[in-house]
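Enquirer: Right, I'll just put the structure down here and ask away after.
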Amino acid sequence: MAVRTLVVACALFLGMCVVINGGPTEMTHAFCRIVWLLAVPCDQVNMALMTQIKAMGSYKLSSVTPDLIQANHTSAVGQVESVNFTMIPTAMSMGCHIEGSSISAFWFSLFDNGTNYCNLHNVIQGSGLTKAPGFMEFTNEWLCLGVGLSPCK
């Protein structure tokens, strides 16, 4: 019964978005936002993330600056997500505040079972930054749809 109610509520919400805006809005895309804190300088974080993204075959870099890395991830079934890492130096620990986001390109992929979380998690973990001094991760279901269902946690 609860599943039926959830499906009906989602259908009504999506329908309302289409009627009001003439099409789906950004709110109808699956997404994930995560904040990480590290006691590592941002230039080292940037290098580690960029190296890891290049090593992963399902990611393609689109833009790299000292404070922003943008890439696209293509899943095994061909779904595309936009993945971004923004780095902001922290003055107190000479560390780095990293904001990661992954957003699905298709409007109908609202429930992704943690795919967007895994896009970010796999890069951070593969880069070795999860073992860096001061590593902390902050996210929740409001910021990262499906994080609780994520198979890569």
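The values are calculated or read from the model by the stated rules, or taken from the named source; none is laboratory data. Bear in mind the structure is a predicted one, so any value in this text is a computation, not a measurement. Don't worry about glycine lacking a Cβ; one is built from the backbone with ideal geometry, like all the others, and counts go over all protein chains shown.
Enquirer: Determine whether Ser93 is more than 18 Å from Ala55 (Cα to Cα), in contact (Cβ under 8 Å) with a residue 40 or more places away in the chain and not aliphatic (A, V, I, L, M).
Expert: Numbers: more than 18 Å from Ala55 (Cα to Cα): yes; in contact (Cβ under 8 Å) with a residue 40 or more places away in the chain: yes; not aliphatic (A, V, I, L, M): yes.
Considered against the rule, which asks whether it is more than 18 Å from Ala55 (Cα to Cα), in contact (Cβ under 8 Å) with a residue 40 or more places away in the chain and not aliphatic (A, V, I, L, M), Ser93 comes out as yes.
Enquirer: Also: Could you list, in sequence order, the residues of region 124-147 that are loosely packed, with under 14 Cβ neighbours inside 10 Å and either among the aromatic types (Phe, Trp, Tyr) or more than 9 Å from Trp36 (Cβ to Cβ) (or both)?
Expert: Gly128, Lys131, Pro133, Gly134, Phe138, Asn140, Glu141, Trp142
Enquirer: With the condition kept exactly as written, say whether any residue in region 29-41 is under 17 Å from the mean Cα position of the chain (by Cα), outside any loop (DSSP other than H, G, I, E, B), surrounded by fewer than 18 Cβ atoms within 10 Å (Cβ to Cβ) and modelled with pLDDT under 80. So that I can check it myself, show each step before the final result.
Expert: Step one: of region 29-41, the residues under 17 Å from the mean Cα position of the chain (by Cα) are 29-37.
If we keep only those that are outside any loop (DSSP other than H, G, I, E, B) too, we end up with 31-37.
Okay, now just the ones that are also surrounded by fewer than 18 Cβ atoms within 10 Å (Cβ to Cβ), so 35, 37.
Still in the running and modelled with pLDDT under 80: none.
No, that holds for no residue.
Enquirer: Something else about it: Across region 42-73, what is the total count of residues that are in contact (Cβ under 8 Å) with a residue 60 or more places away in the chain and surrounded by fewer than 17 Cβ atoms within 10 Å (Cβ to Cβ)?
Expert: Total satisfying the criteria: 3.
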